[in-house]
Amino acid sequence: MGRLLALWQKEWIALSRDVHGLAGLFVMPAAFIVVMTLALSDELRAGGGRGAEFAVLPADGGAQLAARLASEGFRAVEPPASEAAAREGVRRGQPALVLVVAPGTPPSFRLLADPALPAIQLAAFQQRVLGVVLADSLGFDLNSAASFEVEVVGNPRGGRPSSVQQNVPAWLIFGMFFVVMPISSLFIVERRDGTLARLVSQKVPFSLLLLGRIGPYCVVNLAQAALMLLAGVTLVPWLGGETLALPARGDLLAAVALSTSLAAIAWGLLVAVCARTMEQATVIGGVGNILAAAIGGIMVPRFVMAQSMQTLADASPMAWALDGFHAVMLRQGGAADIAAPCLKLLALAAALLGAALWVHHRRRA
Amino acid sequence: MGLSVAGLSFRYPGSAEPALDAMSLDIPEGGVFGLLGPNGAGKTTLISVLAGQLRGKRDEMRGSVRVEGSVGLVPQEHAFYPMLTCLENLRFFGAVQGLGGAELRLRVDAVAAFGRIEGVLARRAGQLSGGLKRRLNLAIGLLTEPEVLLLDEPTVGVDPQSRAFLLESIRSLARPGRTIVYTSHYMEEVQAICDRVAIIDAGRVLISGTLDELLQNSGEPPPPPRRQRNLEQLFMQLTSRSLRD
């Protein structure tokens, strides 16, 4: 343990003194978050700028209410056949809202809402329901209604995020994976200068040398996550964009960030072991990251991709990470919702670390 | 104690020529053993095998290697972290070798004093002069008081003062129970500090023995002072004048 702590301390000191490299890990994703969030704010507003779709149940009694609720921002669609069908529809984000009117005296109202719907849009629809019902004599007297509750129907994969919901986690993930650069460059310098050979001759296991990098870079990645989320909450709205709503479950967010971090660090270690020069590391690591980002819905949201590309996106670790972040941030999902993406990322991290060890031993042999 | 290799062959993957070609060499315990050879002779490969850095598959490495005692390596590169201070480097290399607490502090103080780098412990290693870097490199290799010290061209790129200091320091390290293997291109260094010498070329040992034995076997009359120039003449005679790289 003492040796591992010494390795962590060394790596941390070396990293903290590479001010420019470290700054790049924070400035680059922050810049992308601001620029892309603002650039796509109109395109991704309220589900692609089309306005939210809603329906009213039951169909026979609610048609008139639906017509009154329809406006520029809310488009009425055919109501589902049943509440179960409505629930399933909202789970997929189609429609985003279903107002279920339970007949009775007085009637009760339940609004099934897609959690991907921006909070402000949900509040606006609630106000619209209240206004229409109170203003009209449609037979529904909300003052005397037994209840009016809002139920958010969870769905970790469906729906469309807003610009800030898409871009903050997306570019955060992109930034986290860019630890490949400092990891590989420090490692290549160690190998070039004979430091690695010296450590090997001192009987320091290579696996310990790899583990010695994980701790410090996890701290860096988690700091990136905290600061990028903070940018979504403060910087983006300050520049005119939408405010990022943080999830209630910070622990789940940390779990997704940690899984992403381990996968990113393991990728960096594999590149470090495989690349013989800085130039190779830059090309393999940089191009690999950009390709994974392009495929994985970081640069272009997956929901605007062609179906074949959406299928291909599932192969990108960055897409897995984005799924995890969206499950928590967008859908307020639970541990079960992040289990699959986190497990995939952790399995990838283990596989990449194994590959790094294998390549090293093969070369050393 | 001591080191020996017997029938040792090593070939780097993808290389047609072996770096070590059925090499056999005994390095007795104690004293300074000089390993001489032109570029590409196999000196660094032999040091790397002795240090446990190089292993080989069955078709790449044959023969036996015996190294008794703890090993300290001082590579020819500045094998430390330039962004860390000298003190941080010493503490790190001590800690990864299992030193800690008061023992680590004592050893760091001792090797810093030995290398006369106490005055620059707070400076970043990358900002040191060439001579100070060499001294730090040597100090790191001495942290655990190894019984076998492998020095791979430890005086490359330093001024005459630093070289003289390093040579005196290395000579002072020799004691019973400690074996020092010293590779160099500089004949006068080897003549000055080594008790025994081997000249190798193309992965083979051409000649090995004490300096006196080597110079007597060269067949040349020993002009006074006997150790000046003769080793270089012997070296050129054995390895020929052709350029190696």
Cross-chain or 6+ apart pairs with Cβ under 8 Å, segment A:4-27 first and more than 11 Å from chain B (Cβ to nearest Cβ), then among the aliphatic types (A, V, I, L, M) and not in a helix (DSSP H, G or I): A:Leu25/A:Val179
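A quick yes/no check of all residues on (1) at pLDDT 90 or above; (2) buried (at least 17 other Cβ atoms within 10 Å of the Cβ); (3) not charged (D, E, K, R):
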| residue | (1), (2), (3) |
| --- | --- |
| B:Leu3 | no, yes, yes |
| B:Gly7 | no, no, yes |
| B:Pro13 | no, no, yes |
| B:Ala22 | no, no, yes |
| B:Thr44 | no, yes, yes |
| B:Ser64 | no, no, yes |
| B:Arg91 | yes, yes, no |
Qualifying positions in segment A:280-315 - assigned to a loop (DSSP other than H, G, I, E, B) and of a type in the set (A, V, I, L, M, F, W, C): A:Ile298, A:Met299, A:Val300, A:Met305, A:Ala306, A:Ala315
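Between A:Gly297, A:Gly241, which is at pLDDT below 90, assigned by TED's automatic domain parsing to the domain that holds A:Glu11 and on the phi > 0 side of the Ramachandran plot?
Values: A:Gly241 fails: on the phi > 0 side of the Ramachandran plot.
Just a single option satisfies the conditions, and that option is A:Gly297.
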Check on B:Phe33, within 14 Å of another protein chain (Cβ to nearest Cβ) and among the aromatic types (Phe, Trp, Tyr): no
Residues located in segment A:191-222, provided they are crowded, with 18+ Cβ neighbours inside 10 Å and within 8 Å of another protein chain (Cβ to nearest Cβ): A:Gly194, A:Thr195, A:Ala197, A:Arg198, A:Leu199, A:Val200, A:Ser201, A:Gln202, A:Val204
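The values are calculated or read from the model by the stated rules, or taken from the named source; none is laboratory data. As the structure is a computational prediction, the values presented were derived from the model and not from experiment. Note: ideal-geometry Cβ built from the backbone for every residue, glycine included; neighbour counts use all protein chains shown.
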